[in-house]
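The values are calculated or read from the model by the stated rules, or taken from the named source; none is laboratory data. Here the structure is a predicted model, which is why all the values come from computation and not from measurement. Note: ideal-geometry Cβ built from the backbone for every residue, glycine included; neighbour counts use all protein chains shown. Keep in mind that these areas ignore ligands, DNA and RNA; they rest on the heavy atoms of the full protein, side chains included. Shrake-Rupley method; radii C 1.70, N 1.55, O 1.52, S 1.80 Å.
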Amino acid sequence: MPADVQTDPQNPTSRLGARLPRPALMLAAVLLVAFNLRVAVTSLGTLFELAGLHPATQAVLTSLPVICFAVVGGLGKTLISRVGLYHCQTIAVGMLTAGLVVRVLDGPAILILGTVLACSGIALSNVLLPSLVKAHFPSRVGTVTGAYSAILSAGAAIGAMTTVPIAETSGSWRAGLLVWASTAALALVVWLTASRGMRRTIDSGSHRSLLRSPLAWAVTVVFALQSASAYVTMSWLPSIYAAAGLSPQQAGFLLAASILVGVPVYFAAPVIAMRMRSQGLLIAFFSLCLVCGYLGLCLAPAAGGLAWAVLIGVGGSVFPVTLSLFALRTSNAADTASLSAMGQGFGYLIAAPMPFAVGLLQEWTGSWALPCLVMATLCLIQTIVGFSAGRQRVIAPAR
């Protein structure tokens, strides 16, 4: 299967991508938007202790990203057909910027409202960026996708690493959050410049339901479990380290280390997956890294803090491997789109309660040991299901 999608002369979207001007400016816009797609999540998670939020409020805030990704992201295709790809992306980045401003204006209720608005913008961009890459870089889909994935991860790490120092320097946790509204505003300005005069919509096509396919459900469950692990980590890892006696700044740096160590593996993992007859062993390797990381957090969170962060960061590479399964487990583009929509839609819905449940479990037990043990168990299940999702077979094409 080729890594990059070539221009299709029968596809108006592809023809558009081949002719569009300002490729360097569009690439800059895509990368700037990608940088902002996880900062809203990781920056907030590192400030829970400084902001003095009630545990119930923290639990709600940690669940909002995946809920928005599942619900709002599912509306992306409909919105594209109504207002066009470029207007839709403008709306998405505008919502993200506005949400990052709104969430620092008042108390917990406004913080939740602003987070919903920001995460809704992120959810739309999650859906839209692949379409933009295909439209503007049809012969470099793999390269550009890898670049924006790395920038996305780097943005998450930078948010986790620098938000607490900014807040402590300014004397306000609100200032630590507000700074990221400026990077989102920059992305909006560059995006508006790059997309000026472009109004063509992307034809979403028609795709069949895969709800009766066991293989599709296996891929969906792997996507759901890795999503649960990722958002529990981004939301609660700093709190786990803080409860073990580390400072908020140390906890933020360890979350950043967890994210950054995964960036080069994110590049390599899909390439390796494409060359393997079965991806089950690769999924198992990364899943067992997660198991070891969570068990370490359960038994000795402070003593081996960096080691557990690295293991969890490497284990998170199940994510790009799962993305490659959308293509490897299907035989045509329509089914690939259907599997991707099913995997991400249902996957995020299944994962959404996990950060909230983990927070409540910690409040109930007064310890992070049992929540970490639960996450290790889920990663073991991911290992088992991964062998089914990774077997060399494809979903039967529609007749």
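Of all residues in the stretch 1-54 being outside any loop (DSSP other than H, G, I, E, B), under 30 Å from I240 (Cβ atoms) and not hydrophobic (A, V, I, L, M, F, W, C), which is modelled with the highest pLDDT? Write out each step before concluding.
The first filter runs over the stretch 1-54 and keeps only residues outside any loop (DSSP other than H, G, I, E, B), leaving 12-19, 23-35, 39-45, 48-51.
With under 30 Å from I240 (Cβ atoms) added as a condition, the list becomes 34-35, 39-45, 48-51.
Now narrow it down to the ones that are not hydrophobic (A, V, I, L, M, F, W, C): 42-43, 45, 49.
Numbers: T42: 80, S43: 86, G45: 77, E49: 74.
Across the stretch 1-54, the extreme among qualifying residues is S43.
For the condition under 30 Å from M26 (Cβ atoms), out of contact with any Phe, Trp or Tyr (no Cβ under 6 Å at 6 or more places or on another chain), open to solvent by 10 Å² or more (accessible area, probe 1.4 Å) and not basic (K, R), what is the one hit in A184, A273, A268?
Values: A184 fails: open to solvent by 10 Å² or more (accessible area, probe 1.4 Å); A273 fails: open to solvent by 10 Å² or more (accessible area, probe 1.4 Å).
Residue meeting the stated conditions: A268.
Could you list all residues from the stretch 163-174 that are part of a helix (DSSP H, G or I) and either open to solvent by less than 10 Å² (accessible area, probe 1.4 Å) or without any contact (Cβ under 8 Å) to a residue 12 or more places away in the chain (or both)?
Keep residues of the stretch 163-174 that are part of a helix (DSSP H, G or I), which gives 163-170, 173-174.
Matches in the stretch 163-174: T163, V164, A167, T169, S170.
Out of the stretch 49-62, which residues are open to solvent by less than 10 Å² (accessible area, probe 1.4 Å) and of a type in the set (S, T, Y)?
Restricting attention to the stretch 49-62, the residues satisfying the condition of being open to solvent by less than 10 Å² (accessible area, probe 1.4 Å) are 59, 61-62.
If the condition is that a residue be open to solvent by less than 10 Å² (accessible area, probe 1.4 Å) and of a type in the set (S, T, Y), then T62 is the only one that fits.
From S239, S287, which residue is at pLDDT 90 or above, assigned to a helix (DSSP H, G or I), within 29 Å of T330 (Cβ to Cβ) and hydroxyl-bearing (S, T, Y)?
Numbers: S239 fails: within 29 Å of T330 (Cβ to Cβ).
Sole residue among the options that is at pLDDT 90 or above, assigned to a helix (DSSP H, G or I), within 29 Å of T330 (Cβ to Cβ) and hydroxyl-bearing (S, T, Y): S287.
Does V314 qualify as being out of contact with any Asp or Glu (no Cβ under 9 Å at 6 or more places or on another chain) and open to solvent by less than 40 Å² (accessible area, probe 1.4 Å)?
Details: out of contact with any Asp or Glu (no Cβ under 9 Å at 6 or more places or on another chain): yes; open to solvent by less than 40 Å² (accessible area, probe 1.4 Å): yes.
Here the answer is yes, as V314 does meet what is asked.
Condition test on I110, is it modelled with pLDDT of 75 or more, surrounded by fewer than 19 Cβ atoms within 10 Å (Cβ to Cβ) and not hydroxyl-bearing (S, T, Y)?
On the way: modelled with pLDDT of 75 or more: yes; surrounded by fewer than 19 Cβ atoms within 10 Å (Cβ to Cβ): yes; not hydroxyl-bearing (S, T, Y): yes.
It is true that I110 is modelled with pLDDT of 75 or more, surrounded by fewer than 19 Cβ atoms within 10 Å (Cβ to Cβ) and not hydroxyl-bearing (S, T, Y).
Quick one: which of L288, L295, L211, L225 is of a type in the set (A, V, I, L, M) and open to solvent by less than 40 Å² (accessible area, probe 1.4 Å)? It would help to see each step written out before you state the result.
On the way: L288 fails: open to solvent by less than 40 Å² (accessible area, probe 1.4 Å); L295 fails: open to solvent by less than 40 Å² (accessible area, probe 1.4 Å); L211 fails: open to solvent by less than 40 Å² (accessible area, probe 1.4 Å).
Going through L288, L295, L211, L225 in turn, the sole match is L225.
Output the residue which, of all residues in the stretch 121-132 that are surrounded by fewer than 24 Cβ atoms within 10 Å (Cβ to Cβ) and more than 12 Å from the chain's Cα centre (by Cα), is modelled with the highest pLDDT.
Going through the qualifying residues, I end up with L129.
Quick check on my filter: what residues within the stretch 64-82 are open to solvent by 40 Å² or more (accessible area, probe 1.4 Å) and modelled with pLDDT of 80 or more?
I67, V71
If the requirement is being at pLDDT below 85, buried (at least 21 other Cβ atoms within 10 Å of the Cβ), small (G, A, S) and within 24 Å of S153 (Cβ to Cβ), which of these qualifies: A341, A352, A327?
A352
Suppose the filter is over 19 Å from A167 (Cβ atoms), modelled with pLDDT of 90 or more and open to solvent by 30 Å² or more (accessible area, probe 1.4 Å); does L281 pass it? Before the answer, list the steps.
On the way: over 19 Å from A167 (Cβ atoms): yes; modelled with pLDDT of 90 or more: yes; open to solvent by 30 Å² or more (accessible area, probe 1.4 Å): yes.
Yes: the conditions hold for L281.
Can you tell me which residues in the stretch 253-265 are open to solvent by less than 30 Å² (accessible area, probe 1.4 Å) and over 30 Å from Q362 (Cα atoms)?
Correct list: empty.
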